[in-house]
Amino acid sequence: MNASSRKHQIEQDPRWQAVLKRDASADSQFVYAVRTTGVYCRPSSLSRLPKAENVEFFDSAAQAEAAGYRPSKRQASDQTQVAAQHAALVATACRQIEKAESAPSLTQLAQHAGMSSYHFHRVFKAATGLTPRGYANAQRSRKVRSHLERGQSVTEALYDAGFNSNSRFYEAADQLLGMKPSAYRAGGPETDIRFAVGQCSLGAILVAQSNRGVCAILLGDDANQLVEQLQDKFPRANLLGADRDFERLIAQVVGFIEAPAIGLDLPLDLRGTAFQERVWQALRSIPAGSTASYAEIAQRIGAPKAMRAVAQACAANSLAVAIPCHRVVRSDGNLSGYRWGVERKRQLLERESSSDA
């Protein structure tokens, strides 16, 4: 297509009119890129208007970047401001969910944030790693566990956690607790957890699995201590020794530790507070060979001041390598505490970096 034809085509496109008008209402609908400069902008950008024949439209900034364009300085600044605004809105929504007696609907949360339901759902998940419903379920899970661990009856716990009826609670109980509520209250009796202990280059390793997924990957120097840690987590569960099929699972985990390039994709049985699960989901988004600071993780989950709480969530992680808390470092890039020892953290990062190279 020659320049004249391209110019005519762009000028007939309604999006070009939005660019000429610097229409802010179109900012969420598309971006335009300039072939001669290699940058892209929002329709409302105050940058000097390009020639129509040099313009290309994209539905999103991600599409423009995939095509090789970079954000303009103004666009990059705007994106930073938007990200900060979104983080604040998500943090407010999280507090709204946590304080509500019953989970707010998506529509209610979106209206409070001043967004459409679709846009709010996407922004919330990008910031926390969970959908609003998933976050609400995790919050209710935390409340139920807290009440049951304090010795409340199942009936008291379900109503205090915001369930309006026994039937709704029991329908969700397995997802929330991983077992029947009465079993959780009693420390997990009659719950089968298969486990195996092996050796890898980092020392002893224990892998455990419930009927929902892998619930523990523990590292240490003493295999007996790892078994004791599992027993402390589920004091009355049925801990079953590994069979041949399960030994293949532990071999898969050990293989990933030794050669990170093979990847690790396991069904996980996550059991933490709502905040912890937000942190753990954010950790899983850090690519192998990369690191993120505690401050960056706090920012990603919409709680920029919660760096200490992020560190505590990392320390509470009982799924080594599957939830890669070893990829979180201090803001200066130096290594800090690691539940299974800083030296193990160093070795894991070195192997991932070498594999990535």
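The rows are residues; the columns are (1) within 19 Å of V253 (Cα to Cα); (2) among the charged types (D, E, K, R); (3) outside any helix (DSSP H, G or I); (4) under 16 Å from the mean Cα position of the chain (by Cα).
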{"site": "E296", "(1), (2), (3), (4)": "no, yes, no, yes"}
{"site": "Q299", "(1), (2), (3), (4)": "no, no, no, yes"}
{"site": "G302", "(1), (2), (3), (4)": "no, no, yes, yes"}
{"site": "K305", "(1), (2), (3), (4)": "no, yes, yes, no"}
{"site": "A309", "(1), (2), (3), (4)": "no, no, no, yes"}
{"site": "C314", "(1), (2), (3), (4)": "no, no, no, yes"}
{"site": "D332", "(1), (2), (3), (4)": "no, yes, yes, no"}
{"site": "R339", "(1), (2), (3), (4)": "yes, yes, yes, no"}
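Restricted to helices (runs of 4 or more DSSP H) entirely inside segment 95-151, those with at least 2 residues that are modelled with pLDDT of 75 or more and under 20 Å from S285 (Cβ atoms) are 117-128, 132-149. Within segment 198-224, the set of residues being within 15 Å of D269 (Cβ to Cβ) and in contact (Cβ under 8 Å) with a residue 40 or more places away in the chain comprises V207, Q209, S210, R212, G213, V214, C215, A216, I217, L218. Within segment 256-271, the set of residues being of a type in the set (A, V, I, L, M, F, W, C), out of contact with any strand residue (DSSP E or B) (no Cβ under 6 Å at 6 or more places or on another chain) and either at pLDDT 75 or above or in a helix (DSSP H, G or I) (or both) comprises F256, A259, A261, I262, L270. Being modelled with pLDDT under 80 and in contact with a Pro (Cβ under 6 Å, 6 or more places away or on another chain) is a description that applies to R236. Being farther than 26 Å from Q229 by Cα, exposed (fewer than 15 other Cβ atoms within 10 Å of the Cβ) and not hydrophobic (A, V, I, L, M, F, W, C) is a property that does not hold for D265. Does segment 350-357 contain any residue that is closer than 20 Å to Q281 by Cα and either in a helix (DSSP H, G or I) or under 16 Å from the mean Cα position of the chain (by Cα) (or both)? The answer is yes, given that some residue of segment 350-357 is closer than 20 Å to Q281 by Cα and either in a helix (DSSP H, G or I) or under 16 Å from the mean Cα position of the chain (by Cα) (or both).
Looking across segment 1-39, the residues that are closer than 27 Å to M115 by Cβ and hydroxyl-bearing (S, T, Y) come down to S25, S28, Y32. Would you mind stating whether V253 is outside any strand (DSSP E or B), among the aliphatic types (A, V, I, L, M) and under 23 Å from the mean Cα position of the chain (by Cα)? Judged against the criteria, V253 is a match.
For segment 1-57, name all the residues that are of a type in the set (S, T, N, Q) and over 36 Å from the mean Cα position of the chain (by Cα). Passing the criteria: N2, S4, S5, Q9, Q12, Q17, T36, N54.
Conditions tested, residue by residue: (1) touching a helix residue (DSSP H, G or I) at 6+ places or on another chain (Cβ under 9 Å); (2) on the phi > 0 side of the Ramachandran plot; (3) surrounded by 14 or more Cβ atoms within 10 Å (Cβ to Cβ).
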residue: E228; (1), (2), (3): no, no, no
residue: F246; (1), (2), (3): no, no, yes
residue: E277; (1), (2), (3): yes, no, yes
residue: P287; (1), (2), (3): yes, no, no
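The values are calculated or read from the model by the stated rules, or taken from the named source; none is laboratory data. The shown structure was predicted, so the numbers you read here are calculated from the model rather than taken from an experiment. For neighbour counting, all protein chains shown are included, and Cβ atoms are generated from backbone atoms with ideal geometry for every residue, glycine included.
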